[in-house]
Structures are given as C-alpha cells and as structure tokens.
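Take a look at the structure below.
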C-alpha cells in the first residue's frame, strides 16, 4: 500500500537521536532519524542486528526517551509529555510486544493476557473473557489456566501477543513477534497484526528478521547503522512509499 499525500501519519520521527553513555564512552545508536509510518498500514522494520531497530520502536512506544529530536504518535508529541501523561498515553494507545515476553510468573495465561484491560479499569470477569477469546484465536484455548513456566517459548510469545492486542490499541509495536513460532502460527499472528493495523486511526510496526512474513507487509523500512536508508540494490527488500 503506497503512502500518498492523503494517507494520514500515525508516527512521525524528526531528527531522532539516541545516545547511551557508559562511563566516559558515549554510543550513538540512532543518528538523526527522519521517517514516517502511515496509519492503516502494517510496516516492517528490518536491518542487521545492532542497527537501532529495537531502540527506535522503544522510543516510538514511549518506553525509552530520545536524546534529541521529536516523536509524534497520532498527533501527540511524546517527547514533551510529562511522565504521568506518557504512562497514561502508552496504556491507552500502545500495545508493545516485547521479544522477552515479560509475562508475570504467578499469573495464568488468561490473567497475563488481560493485564492491560485490568489496568484500564475493566472488571475481572469480562476482562478474562475478552483475553480468553484472544488466546483462543491464537490457538491457546487449552492453555488458559497454565502458568508461564508450564508453557513453551512459542506459547509464551502468543500470550504476550494477546496481551498487547486485547485492549485494541491504536498503535501496536512488536519486536520479533514470530521469532519463536512455526510458519503457520507466525502467519496467524501476522494476520491478527494486520487486522489490528488496517484502519485509518491505527498502525502496526514490526521489527523482524523473518523473511517468511515480508509478503504480508504494506511497507518495509530498512535500517543500517542508526539510519533509515533506502534498501540496497539486489537485497530483495522493498519499501512501498
């Protein structure tokens, strides 16, 4: 889906720089990123390990602050928000699928999946019902009452995906959501992400190395050495813009 002049922007990054300091050394991970992600699209962010992909989506999701530059998500400038405003905005607007899963070990799969709903004030029973429906769609209907320690890595990944999607966030940001999944389950997950993204007030950005899902993207954005770049010739990676 090409990005046209009439396509609204979900995310706008301007002059985005991120530096990490370790003692006397400073490492610049993002080096002045200027890019836009359109609403209504599933965008893949690709590139070699260490090029800044996870750092970029963490700043877009509001879980990491930028050193310089601006990030606007659906017209709201995250870099100017106070901490309490940012926490509220993130809870209401963003679903983040972490590569590490970050499930709560004492909660069941269904309870983990409904955390965002509980945080938003939904009563326990309807929250669990909605979370269970999402887990059923992800093939985990027989595992609702299991703890994370009783689930495989791929099953834990799907619980984390359900947790990110269950409250219907406008922006879904994912770090390698299909890495631990077989091809069939990975495509099921990506179809759910496409469903979450395809609306003019929504978007989904996925960091991935999984070329099995490239054909499902509306747009592929390539990163290298802290920059968003045009895909190299012959790479087989395109960007529909």
Scan the stretch 19-29 and tell me whether some residue there is surrounded by 21 or more Cβ atoms within 10 Å (Cβ to Cβ) and touching a residue at least 24 places away in the same chain (Cβ under 8 Å).
no
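Per-residue answers, yes or no, for (1) over 18 Å from the mean Cα position of the chain (by Cα); (2) crowded, with 21+ Cβ neighbours inside 10 Å; (3) in a loop (DSSP other than H, G, I, E, B):
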residue	(1), (2), (3)
112	no, yes, no
116	no, yes, no
125	yes, no, no
132	yes, no, no
154	no, no, no
168	no, no, yes
Tell me whether the stretch 73-88 contains one or more residues that are under 19 Å from residue 181 (Cα atoms) and part of a helix (DSSP H, G or I).
no
Does residue 179 meet the test of being at pLDDT below 95, crowded, with 20+ Cβ neighbours inside 10 Å and out of contact with any helix residue (DSSP H, G or I) (no Cβ under 6 Å at 6 or more places or on another chain)?
no
Name the residues in the stretch 138-152 that are crowded, with 17+ Cβ neighbours inside 10 Å and under 12 Å from residue 188 (Cβ atoms), would you?
138, 140
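The rows are residues; the columns are (1) at pLDDT 95 or above; (2) under 20 Å from the mean Cα position of the chain (by Cα); (3) more than 21 Å from residue 90 (Cβ to Cβ).
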| position | (1), (2), (3) |
| --- | --- |
| 15 | yes, no, yes |
| 25 | no, no, yes |
| 50 | no, yes, yes |
| 71 | yes, yes, no |
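The values are calculated or read from the model by the stated rules, or taken from the named source; none is laboratory data. Nothing here was measured: the structure is a model prediction, and the numbers come from that model. Because the Cβ atoms are built from the backbone with ideal geometry, glycine has one as well, and the counts that use them run over all protein chains shown.
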